[in-house]
1. Of the residues VAL266, VAL219, only one is buried (at least 22 other Cβ atoms within 10 Å of the Cβ) and out of contact with any Gly (no Cβ under 6 Å at 6 or more places or on another chain); which?
2. Here is a list: GLU124, GLU149. Which entry is assigned by the TED database to the domain that holds LEU94, open to solvent by 30 Å² or more (accessible area, probe 1.4 Å) and in contact (Cβ under 8 Å) with a residue 24 or more places away in the chain?
3. Which of the numbered conditions does MET103 fail, given that it passes all the others? Conditions: (1) under 22 Å from HIS51 (Cα atoms); (2) crowded, with 24+ Cβ neighbours inside 10 Å.
4. Checking ALA165 against (1) at positive phi; (2) surrounded by fewer than 22 Cβ atoms within 10 Å (Cβ to Cβ), which single condition isn't satisfied?
5. Quick one: would you say THR246 is under 30 Å from ALA135 (Cβ atoms), among the polar types (S, T, N, Q) and open to solvent by 40 Å² or more (accessible area, probe 1.4 Å)?
6. Scan the helices (runs of 4 or more DSSP H) fully inside segment 347-441 and keep the ones with 2 or more residues being open to solvent by 10 Å² or more (accessible area, probe 1.4 Å).
7. Run down ALA457, ALA447 and say which single residue is small (Gly, Ala, Ser), touching a strand residue (DSSP E or B) at 6+ places or on another chain (Cβ under 8 Å) and at pLDDT below 50.
8. Given the criteria of a type in the set (Gly, Ala, Ser) and either under 30 Å from GLY226 (Cβ atoms) or in the same structural domain as ASP170 (by the TED database) (or both), does ALA312 qualify?
Amino acid sequence: MSTKAVDAVPHAVDPQRVADHGSAVMRLVEEIFPLVEGFYVDLHKNPELSHQEKRTAKAVAEWLSRAGYEVETGIGSTGVVGVLRNGEGPTVLLRADMDALPMAEKTGLPYASTAHAVGPDGAEVPIMHACGHDAHTACLVGVADLLSESRDHWSGTLMIVAQPAEETVDGASGMLADGLYERFGRPDIALAQHLGPQPAGMVAHRAGVMMAASTTLHVRVFGTGGHASQPDTTVDPVVLGANIVTRLQTVVSRETSPSEMAVVTVGRFQAGSAANIIPDEAYLEINTRALNDHVAGRLHAAIERIVRAEAAASGAPREPEVTVVQQTGITRNSPPDTRSVASAHRAYFGDGYVVDLPEPFSGSEDFGEFGLPGDPNPVPYVFWFVGATPHDVWEAAPGATPYEKLAGVPSNHSPFFAPDREPTLRAGLGALTIAALTYLGAAANAAAETRQAEPAAFEPVLPAADTGGYPSEAQHPAPAAPAAVPAAEDPAEDEVESTQDADMAVLLAEEDDDDSGPRPGGGYAGYGGQWDSGAAAPGGRPGWDSGADPAAEPGGPFPEPSDDAGYDLAPPPYSQGGGYPAGPPQGSPVSAPPPPGPDDPPYRL
């Protein structure tokens, strides 16, 4: 888009005004939520490996097409892009990943995956959505639909990106190499979210470094095979490989400063075919993590040095092969944009449901590739976490601090990873919608306003005389801008103290009494957040109604709200293999979830 168009739109809208308009958009959630929830369950039952996401991509493309987007498929293998143009304004990229993991599910959920597929090495493997990509994708199409149905509340261009192959960290780069930005436009901001083991409904932000750089290396060492009864006539590659594994442990403990974070993991060691045969080669897969490029480079160099030195010490007949097969850089959030999005999230969800992470995660993501690292004009991006751990599981976890509890709950890549479906999806829908509206503006006529040369951190954008049904300036004065937070030139300046020893009761304190009612924007404290174990979920019941008609036509009329504002949902009747026919919203919007009643248990994180 033109520079003039970008300059005509505020960089970030006042957070409270975002929350107000976000609440208007989110009133459509009750109408669309049963479809989003059903879509999520269907994806969970039918996971697909990296670069094999054909069924998922087809369902996403169908949903976006019905919602009015220009849709292209097959981007970077199985990626899907949907574009919705809605007047002048910034281009906002919303991304979700679609792929699952080669592991067997052990959650015991009624919609647990039993799927299998052939992996890249030709072996059949079980598949599970153990990292939340099913929820990411369901929230993405849900938000795309919500924003399509509420175009009078925003102005700009939405770019919806359903990415393949995040688990192999080559999906984002593949889409970019396939001309993503050249074909569909370069975004002004990129936004994404990820499920985490925090309490369900919690939203977690971090400015600067959010996730680690990662490199995966394949190592093949060679020996001289022979009979197990005559090891003196061989060069045993098993012993050679074992020495490499042992020696690699010193890279972190003896070669890396205690002030630096570094991880070296040998995740696969394969050799031989029988106990009485000494093989002639061994194969290792090694993964590293680091929070800065200097440490990442040192780890790689140390692995090369150790592998070659151990091969030489063993008298190997050939030089070893060391190949980098996967690599992704640091996920480094734009500090000012992170503050903008986090402030809007706090204004919408309430302070008690949005936290700042004190430390980066050692996990890795390829979402940062959309920011064009190394480009002279990179794309700023914000990546945050949405908690998924059920409240009762969190409360029962051992430990007195959040870090102790995090170590005791099933996390990403665990076969027992089972997100609390409704609060997690509701929080994901709300968080991604509010983040998008932070840039797309509180009303369509905001696109006509001229950005000042040096705007404040969160400059309020007042509606024009025609407010489209929203309060005028006299009725609803613009909130005072929050105190400006100095932008950190160095990501390290955004570091905050660790909470590993924090008081759990303080961090997870209940909301103040004045947060229990409706906020000016129409949202409610705890909306999308976590509730006490056993309490009814706002806006719906946990679990499916097994008495509903299993043959009900998909995309049909929505169930009538019950007395507790919930919905009785039939289990999705779709068997593995068929595409999920996600229909567009039908009927008039349903009101937002009601505020907690006086007898309802307090919301807690």
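1. Answer to the selection: VAL219.
2. Result of the check over GLU124, GLU149: GLU149.
3. Unmet for MET103, out of (1) under 22 Å from HIS51 (Cα atoms); (2) crowded, with 24+ Cβ neighbours inside 10 Å: (2).
4. The failed condition is (2).
5. no
6. 391-396, 402-406
7. Only one candidate passes the filter, namely ALA447.
8. Working: of a type in the set (Gly, Ala, Ser): yes; either under 30 Å from GLY226 (Cβ atoms) or in the same structural domain as ASP170 (by the TED database) (or both): yes.
Here the answer is yes, as ALA312 does meet what is asked.
The values are calculated or read from the model by the stated rules, or taken from the named source; none is laboratory data. Because the structure is predicted, anything quoted here is derived from the model rather than measured. Heads up, the Cβs are rebuilt from the backbone with ideal geometry, glycines too, and the neighbour counts pull from every protein chain shown. We work out accessible area using only protein heavy atoms, side chains counted, and drop any ligands, DNA or RNA first. Shrake-Rupley method; radii C 1.70, N 1.55, O 1.52, S 1.80 Å.
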